[in-house]
Amino acid sequence: FLYIFSNKKRPSASGLEFIGPLVCSVEETPDPISTVIKGEIPSWITGSFLRNGPGRFEFGESKFNHWFDGMALMHRFHIKDGQATYSSCFLRSDSYVQNAEKNRIVVSEFGTLATPDPCKNIFARFFSRFQIPKATDNAGVSFVKYKGDFYVSTEINFMRRIDPVSLETKEKVDWSEYIAINAATAHPHYDRDGATYNLGNSYGRNGFFYHILRVPPGNGKNDVADLSGAEILCSIPASDPRKPSYYHSFVMSENYIVFIEQPIKLDPLKFMLYRVAGKSFHKVMSWNPELETIFHVADRHTGQLIKTKYYSSAMFTLHQINAYEDNGYLIMDMCCGDDGTVIGDFTMENLQASGEELDKFFNSLCTNLPRRYVLPLDIMEDEPNDHNLINLPYTTATQQKGHEDLYNDDLLQYGGLEFPQINYTYYNARPYRYFYACGFGHVFGDSLLKMDLEGKKLKVWRHAGLFPSEPVFVPAPDAKDEDDGVVMSVVITPREKKSSFLLVLDAKTFTELGRAEVPVDIPYGTHGLFNEMS
């Protein structure tokens, strides 16, 4: 199938608010402190809202160049009986410890090249350019679970096990010691039996492969990190082994896993030589809009790839919303854009710009919008190419158009959306009606949105100068409807120091129930989850 589409864009912005304070280094708060409750936090909420993201952007005189490079800072809002406490800890990664000991950046990150030791003589510094650099273990993207244990993760082969109560950094875990892969995503999926699925890759003499992984269930009572029993379910060769695709996440339904091979390409040769050339990791990525996007579909239970490959014109996706099967079709909802150069653009220089420079940066960014792709699973080999195989009554997607826009034009005034979340516990991989996301009327999310797919109707929480984090849905214990529960988000502002708060919205009405104000600075983060606990 070849899909053709055109994308809409949000209105151009001017006079955007300066957000530099949202990407400044902060101090950690290792001992829990009380918060001030305004309104009411429902008494049935018992557990911890855990979040991850960059929190330190320099050591001594050396500074990180890219937002992704900041040292991982873990946050915990613990909620019980309508009250909340806050704590935070820097991940004691090897990268953090070594940088702190030397008081300079000694481990290279995604967008920052570690500088040679100034104490070495000129010849030693020159030859150090030709050494293989230390691999970072700065896992600053998300919290994930394997066998009931909590880890922090990013897009490398290292994770760190974490105590979800104290936020203590525990042992370092190398995926390659359990399974033959070089990296795994920070966005695994979980099935209802407790198994965890992820996507990794490997490269060697036989080429570059993407691998679908499965880690079996566990009891969460391990004294040490345990990924034993991890297996590769399926291996997918790269369509161009010289230039594999970048990926951030993947699609999972009840019976299928879909890897989206998108035209953001990595150059392994440049990757190996980047140290010599003096370039950082993000310089080895390129957006190739002349290439097609390929959907590879595998049976989740057998690991077998189905024979049909599905193609669309070039598109870029970081996060999927949900996927499910219906009547012989695979329905995939995801946030999509038409320009994959966005990854390398989030430099500290761009994020700390102001005035016209900030407006120019924002207006250059892709508008990410929700789309539905429908893949017919049962296709006859002699099916004519011009025959539309998609005839579900509730979607406008066709073989020729390929996707349905899951929004009305009112979404554009909020800048499109990203960081989508659903009622994952009960509706992941099943037909669903609602999802929640950040609206992007600024470089960082500046609103919270609830989308009702019946009519594509929006509910919005938005206040000038406030920047909310990814919304996380927590179902009510006696829930009868899909949206019975609350949505949580950490809200920060560049306008005033130490004025952050945890926001709790009624998920059904999308109105504020309460907030827990905390007198600390919290930088803009990435992903989190809610850990139910007694």
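Within segment 456-482, can you find the residues that are surrounded by fewer than 19 Cβ atoms within 10 Å (Cβ to Cβ), within 15 Å of Val504 (Cα to Cα), in contact with a helix residue (DSSP H, G or I) (Cβ under 9 Å, 6 or more places away or on another chain) and not charged (D, E, K, R)?
Across segment 456-482, the qualifying residue is only Val460.
For residues in segment 247-289 being of a type in the set (D, E, K, R) and modelled with pLDDT of 95 or more, which is surrounded by the most Cβ atoms within 10 Å (Cβ to Cβ)? Explain how you work it out, then say what you get.
Filtering segment 247-289 for residues of a type in the set (D, E, K, R) gives 254, 261, 265, 267, 270, 275, 279, 283.
Adding the requirement that they be modelled with pLDDT of 95 or more leaves 254, 261.
Values: Glu254: 15, Glu261: 22.
Filtering segment 247-289 for residues that are of a type in the set (D, E, K, R) and modelled with pLDDT of 95 or more, the one surrounded by the most Cβ atoms within 10 Å (Cβ to Cβ) comes out as Glu261.
Any residue in segment 291-304 that's closer than 11 Å to Ser235 by Cα: show its pairings with residues that are outside any loop (DSSP other than H, G, I, E, B) and among the acidic types (Asp, Glu) at Cβ separation under 9 Å, as long as the two are six or more apart or on different chains.
Between residues of segment 291-304 that are closer than 11 Å to Ser235 by Cα and residues that are outside any loop (DSSP other than H, G, I, E, B) and among the acidic types (Asp, Glu), the close pairs are His296/Glu261; Gly303/Glu231.
Out of curiosity, is Pro217 in a loop (DSSP other than H, G, I, E, B) and touching a residue at least 60 places away in the same chain (Cβ under 8 Å)?
On the way: in a loop (DSSP other than H, G, I, E, B): yes; touching a residue at least 60 places away in the same chain (Cβ under 8 Å): yes.
For Pro217, the condition - in a loop (DSSP other than H, G, I, E, B) and touching a residue at least 60 places away in the same chain (Cβ under 8 Å) - is met.
Take the residues in segment 486-509 that are open to solvent by less than 10 Å² (accessible area, probe 1.4 Å) and over 20 Å from Ile33 (Cα atoms); name whichever of them is nearest to the chain's Cα centre (by Cα).
Val487
Output the residues belonging to segment 481-501 that are under 30 Å from Pro431 (Cα atoms) and assigned to a strand (DSSP E or B).
Taking segment 481-501 and keeping what is under 30 Å from Pro431 (Cα atoms), we get 481-490.
Listed by number, the residues that qualify are Gly485, Val486, Val487, Met488, Ser489, Val490.
What are the residue pairs meeting all of these: first residue in segment 225-254, first residue closer than 26 Å to Lys172 by Cα, second residue basic (Lys, Arg) and assigned to a loop (DSSP other than H, G, I, E, B), Cβ atoms under 7 Å, and 6 or more apart or on different chains?
Every condition considered, the pairs that remain are Asp226/Lys147.
Looking only at segment 504-533, filter to residues that are in contact with a Gly (Cβ under 8 Å, 6 or more places away or on another chain) and of a type in the set (A, V, I, L, M); which one of those is farthest from Ser469 (Cα to Cα)?
Out of the qualifying residues, it is Met533.
Which count do you get for residues in segment 331-357 that are open to solvent by 50 Å² or more (accessible area, probe 1.4 Å), part of a helix (DSSP H, G or I) and polar (S, T, N, Q)?
Count: 1.
Residues being outside any loop (DSSP other than H, G, I, E, B) and of a type in the set (Val, Ile, Thr): count how many of those fall in segment 178-207. Even if it seems obvious, please write down each step before you answer.
Step one: filter segment 178-207 for residues outside any loop (DSSP other than H, G, I, E, B), giving 183-184, 189-190, 196-204, 207.
Those left that are additionally of a type in the set (Val, Ile, Thr): 196.
Here the count works out to 1.
Against the definition (more than 25 Å from the chain's Cα centre (by Cα), surrounded by fewer than 20 Cβ atoms within 10 Å (Cβ to Cβ) and within 30 Å of Arg372 (Cα to Cα)), how does Ser12 come out, yes or no? Outline the logic, then answer.
Details: more than 25 Å from the chain's Cα centre (by Cα): yes; surrounded by fewer than 20 Cβ atoms within 10 Å (Cβ to Cβ): yes; within 30 Å of Arg372 (Cα to Cα): yes.
In short, yes.
Condition first: within 19 Å of Lys498 (Cβ to Cβ), of a type outside the set (A, V, I, L, M, F, W, C) and not in a loop (DSSP other than H, G, I, E, B). Can you find one or more residues in segment 33-47 that meet it?
Taking every residue of segment 33-47 in turn, at least one turns out to be within 19 Å of Lys498 (Cβ to Cβ), of a type outside the set (A, V, I, L, M, F, W, C) and not in a loop (DSSP other than H, G, I, E, B).
Of everything in segment 325-352 that's of a type in the set (A, V, I, L, M, F, W, C) and touching a helix residue (DSSP H, G or I) at 6+ places or on another chain (Cβ under 6 Å), which residue is modelled with the highest pLDDT? Before you say what the answer is, go through the steps one by one.
Residues of segment 325-352 of a type in the set (A, V, I, L, M, F, W, C): 330-332, 334-336, 342-343, 346, 348, 351.
Add one more test, that the residue is touching a helix residue (DSSP H, G or I) at 6+ places or on another chain (Cβ under 6 Å), and what stays is 346, 351.
Details: Phe346: 92, Leu351: 97.
Checked segment 325-352; the qualifying residue modelled with the highest pLDDT is Leu351.
How about segment 90-117: which of its residues are touching a helix residue (DSSP H, G or I) at 6+ places or on another chain (Cβ under 9 Å), open to solvent by 40 Å² or more (accessible area, probe 1.4 Å) and outside any loop (DSSP other than H, G, I, E, B)?
Result: no residue meets the conditions.
When the residues of segment 433-455 are filtered to those that are in contact with a helix residue (DSSP H, G or I) (Cβ under 9 Å, 6 or more places away or on another chain) and over 18 Å from Leu365 (Cβ atoms), which remaining residue is surrounded by the fewest Cβ atoms within 10 Å (Cβ to Cβ)?
The extreme case among them is Arg433.
What are the residue pairs meeting all of these: first residue in segment 95-107, first residue free of Cβ contacts under 8 Å to residues at least 12 places away in the same chain and within 12 Å of Thr136 (Cβ to Cβ), second residue among the hydroxyl-bearing types (Ser, Thr, Tyr) and in a loop (DSSP other than H, G, I, E, B), Cβ atoms under 8 Å, and 6 or more apart or on different chains?
If the second residue must be among the hydroxyl-bearing types (Ser, Thr, Tyr) and in a loop (DSSP other than H, G, I, E, B), no pairs are left.
The values are calculated or read from the model by the stated rules, or taken from the named source; none is laboratory data. Everything numeric in this text was worked out from a predicted model, so none of it was measured. With ideal geometry, Cβ positions are generated from the backbone for all residues, glycine too; neighbour counts draw on all protein chains shown. For the accessible areas, the whole protein counts, side chains as well, though only heavy atoms, and no ligand, DNA or RNA atoms are used. Shrake-Rupley method; radii C 1.70, N 1.55, O 1.52, S 1.80 Å.
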